[in-house]
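Asker: My questions will all concern the structure given below.
The values are calculated or read from the model by the stated rules, or taken from the named source; none is laboratory data. Please read all numbers here as calculations on a predicted model, not as lab measurements. Because the Cβ atoms are built from the backbone with ideal geometry, glycine has one as well, and the counts that use them run over all protein chains shown.
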Amino acid sequence: MKKTDFRFFHHLRVRWAEVDMQKIVFNAHYLMYIDTAISDYWRALALPYEQAMVELGGDLYVKKSSLEFHASARFDDQLEVGMRCSRIGNSSMTFEAGIFRGEQLLITAELIYVFADPATQTSKPVPELLRQCLLGYEAGEPVVEVRTGNWPAMEADAMKMRIEVFVQEQLIPLEMERDPADADCLHAVAYNRLGQPVATGRLLPSEAGSARIGRMAVKRLLRGAGQGALVLHTLVDAARQRGDRQVLLHAQRSAEGFYARAGFVPQGDGFEEAGLPHIEMVRAV
């Protein structure tokens with residue numbers, strides 16, 4: 001097994017609590033590393049696990065797990081856990097994992113999951129949508145689709161995301177979150193392969209060649225997996241296509257790094273908006 005066998009990797013550093021007196025990792029912790037990597041694998045598929053399983057009408061249960069030890073990880077090692085879905089049967093699926101230190105393979109693992117009814121834990125066929133999500137990801141296909149449209153076309157899914165993030169998570173009053181500008185904006189919503197909205201944003205009308213992006217919201221469990229960046233790039237491209245020379249936005253300070261990675265730079269002093277610290281950021285298009 002080589003690192004090139006995997007397209008998904010989870011990164012971690014070994015902590016003191018995970019090693020014995022010889023400073024090598026306790027055997028049981030390798031399964032914990034793999035379990036954490038599995039959680040991030042679902043994020044890479046743009047599937048919020050609990051909501052996805054409700055949508056699919058079942059849940060996944062571990063049937064078997066096995067490890068093969070090749071070498072030991074030690075305190076403060078930087079490790080990478082490669083994860084792939086190698087087989088999907090009628091009601092089961094097999095995942096393979098490799099734990100690497102650099103290019104050295106330390107652990108190989110195989111986990112067999114069964115898709116089952118949560119109430120009875122009796123197996124049932126793997127839904128075709130889930131099968132296609134897994135096969136598509138492993139084949140390198142996009143895991144989300146970004147759609148754009150006017151407010152009547154996008155309101156239901158855009159507001160679902162905005163209420164979840166701004167109102168329920170950040171406690172911004174609903175009356176502050178809604179505004180009349182929505183009617184004149186281009187809206188973008190990213191959907192996973194189950195058709196669930198996972199991110200949104202809007203592009204306001206141009207003003208003297210300057211565009212403004214706002215109401216960027218990404219489902220909490222999926223942040224950092226790239227869905228927000230896809231929505232942002234879609235809106236920047238729309239501004240470019242209509243002839244805008246620059247795009248600006250009011251970034252929450254907690255998301256400043258996200259926008260900086262997309263080419264935005266801060267300008268002016270910070271300020272407070274809806275009770276949260278913000279900074280204006282801008283980039284040329």
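Asker: Return a yes/no flag: does the stretch 64-73 have any residue that is part of a strand (DSSP E or B), surrounded by 18 or more Cβ atoms within 10 Å (Cβ to Cβ) and modelled with pLDDT of 95 or more.
Answerer: Step one: filter the stretch 64-73 for residues part of a strand (DSSP E or B), giving 64-69.
Okay, now just the ones that are also surrounded by 18 or more Cβ atoms within 10 Å (Cβ to Cβ), so none.
The answer is no, given that none of the residues of the stretch 64-73 is part of a strand (DSSP E or B), surrounded by 18 or more Cβ atoms within 10 Å (Cβ to Cβ) and modelled with pLDDT of 95 or more.
Asker: A further question follows. What residue, of F100, F6, is touching a Lys or Arg at 6+ places or on another chain (Cβ under 7 Å) and under 24 Å from Q132 (Cα atoms)? Spell out the reasoning first.
Answerer: Working: F100 fails: under 24 Å from Q132 (Cα atoms).
Just one listed residue meets the conditions, F6.
Asker: Test C133 against the stated conditions and say whether it is in a strand (DSSP E or B), touching a residue at least 40 places away in the same chain (Cβ under 8 Å), assigned by TED's automatic domain parsing to the domain that holds A17 and crowded, with 19+ Cβ neighbours inside 10 Å.
Answerer: Details: in a strand (DSSP E or B): no; touching a residue at least 40 places away in the same chain (Cβ under 8 Å): yes; assigned by TED's automatic domain parsing to the domain that holds A17: yes; crowded, with 19+ Cβ neighbours inside 10 Å: yes.
Spelling it out, it is not the case that C133 is in a strand (DSSP E or B), touching a residue at least 40 places away in the same chain (Cβ under 8 Å), assigned by TED's automatic domain parsing to the domain that holds A17 and crowded, with 19+ Cβ neighbours inside 10 Å.
Asker: Follow-up. Please verify whether T108 is assigned to a strand (DSSP E or B), out of contact with any Lys or Arg (no Cβ under 9 Å at 6 or more places or on another chain) and not assigned by TED's automatic domain parsing to the domain that holds Y61, treating the condition exactly as stated. Talk me through it step by step, then tell me what you get.
Answerer: On the way: assigned to a strand (DSSP E or B): yes; out of contact with any Lys or Arg (no Cβ under 9 Å at 6 or more places or on another chain): yes; not assigned by TED's automatic domain parsing to the domain that holds Y61: no.
Answer is no for this residue.
Asker: Which pairs have Cβ atoms under 8 Å, sit 6 or more apart or on different chains, and link a residue in the stretch 223-236 that is free of Cβ contacts under 8 Å to residues at least 40 places away in the same chain to one that is among the basic types (K, R) and surrounded by fewer than 22 Cβ atoms within 10 Å (Cβ to Cβ)?
Answerer: Between residues of the stretch 223-236 that are free of Cβ contacts under 8 Å to residues at least 40 places away in the same chain and residues that are among the basic types (K, R) and surrounded by fewer than 22 Cβ atoms within 10 Å (Cβ to Cβ), the close pairs are A229/R261.
Asker: Within the stretch 205-220, take every residue that is more than 18 Å from the chain's Cα centre (by Cα) and part of a loop (DSSP other than H, G, I, E, B) and give me the one that is modelled with the highest pLDDT.
Answerer: Within the stretch 205-220, the match that is modelled with the highest pLDDT is P205.
Asker: Residues to consider are T108, T200, T148; find the one that is under 30 Å from N27 (Cα atoms) and surrounded by 13 or more Cβ atoms within 10 Å (Cβ to Cβ). Reasoning before the result, please.
Answerer: Values: T200 fails: under 30 Å from N27 (Cα atoms); T148 fails: under 30 Å from N27 (Cα atoms).
After ruling out the rest, the residue left standing is T108.
Asker: Here is a further query. If you go through the stretch 5-21 one residue at a time, do you hit one that is of a type outside the set (F, W, Y), without any contact (Cβ under 8 Å) to a residue 12 or more places away in the chain and part of a loop (DSSP other than H, G, I, E, B)?
Answerer: yes
Asker: Something else now. Which of the residues that make up the stretch 221-271 are part of a loop (DSSP other than H, G, I, E, B) and among the aromatic types (F, W, Y)?
Answerer: Within the stretch 221-271, the first condition is being part of a loop (DSSP other than H, G, I, E, B), and the residues that meet it are 223-226, 242-245, 262-264, 267-270.
The one that is part of a loop (DSSP other than H, G, I, E, B) and among the aromatic types (F, W, Y): F264.
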